[in-house]
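The values are calculated or read from the model by the stated rules, or taken from the named source; none is laboratory data. Every value quoted in this text rests on a predicted model; they were computed, and no experiment measured them. Quick reminder, even Gly has a Cβ in these numbers, built from the backbone with ideal geometry, and neighbours come from all protein chains shown. Accessible surface areas use protein heavy atoms only, side chains included; no ligands, DNA or RNA. Shrake-Rupley method; radii C 1.70, N 1.55, O 1.52, S 1.80 Å.
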Amino acid sequence: MEPRNPITKEQIQRALRERHSAGVQDKLDHARVAVAGLGGLGSNVAFALARIGVGHLHLIDFDRVDLANLNRQQYFLRHLGMYKTDALKEELLQINPYLDIRTDCIRVTEGNLPELFAEDPIVCEAFDSPEAKAMLVNGILEHFPQAFLVSASGMAGYSDSNRIQTRKITDHFYLCGDGIAQTGPGYGLMAPRVALCAAHEANCIAQYICTTKGEEP
């Protein structure tokens with residue numbers, strides 16, 4: 001039996017256009033999004049953006065996949081020990097092998113931030129620690145005030161799903177989460193609520209990309 005022919009770029013584009021319309025998909029195709037942090041938030045955000053056909057993704061993380069990550073992050077046992085940038089790129093290209101995916105396996109610092117994000121008009125903050133979140137948000141707002149920035153705060157545990165919200169902070173800065181729930185004994189980060197918050201981030205980005213003439217998400 002002859003092997004099946006691989007799916008072509010044209011077939012994937014046709015399927016996406018049937019779902020989203022040609023006009024919307026054109027915007028998604030040309031969009032460029034950086035995802036900083038590839039854990040519970042970032043890996044889920046990247047999956048969502050890849051599935052809708054965002055054409056250019058910039059994945060940034062310095063960490064390797066650990067067993068404790070599998071309770072909420074988009075990785076599998078086969079990825080243990082791999083850099084998250086490599087593991088996630090591998091998975092996303094299995095969804096759509098024609099995506100343009102750039103990876104930087106590096107820790108974001110105040111010093112390298114201006115160079116790292118210089119070509120990213122849309123930035124998703126998906127770090128774990130409050131300090132790293134604040135550093136990235138403040139750095140993007142300072143160096144790239146016209147970039148569209150989505151961040152997250154408050155997604156721990158298993159409390160009310162409806163407390164996860166998307167709030168407009170400035171014209172170019174949106175914050176997702178409940179702003180309250182922090183990790184603690186018996187109340188750690190769990191897949192359902194982290195994925196809810198990641199979906200808010202991804203949807204906020206999708207709305208920004210797809211909305212005509214830059215209307216609010």
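A compact table of results
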read-out: For the chain, calculated [θ]222 nm from helices alone, where every DSSP H run of n ≥ 4 adds -39500 (n - 2.57); value: -12000 deg cm²/dmol
read-out: Label of the coordinate-derived value, log10 I(q)/I(0) by the Debye sum over Cα atoms at q = 0.07, 0.11, 0.18 Å⁻¹, listed as (1) -0.24, -0.60, -1.32; (2) -0.27, -0.63, -1.19; (3) -0.21, -0.52, -1.38; value: (3)
read-out: Mean accessible surface per residue for the chain, computed with a 1.4 Å probe while every protein chain stays in place, in Å²; value: 52
read-out: Amide N of the range 58-85 lying under 16 Å from the label point, which is placed 7 angstrom from the Cα of Ser129 along Cα→Cβ; value: 61-64
read-out: Total lysine pairs whose alpha carbons fall under 21 Å of each other in the chain (8 or more apart, or interchain); value: 6
read-out: For the chain, built as a Gaussian network whose Cα springs stay under 10 Å, the top-fluctuating residue of Ala15, Ala134, Ala31; value: Ala15
read-out: Accessible area of the range 20-211 belonging to carbon and sulfur atoms, whole % at 1.4 Å probe; value: 54
read-out: Efficiency of FRET from Cβ geometry, Phe76 and Arg51, R₀ 22 Å, rounded to 0.05; value: 0.80
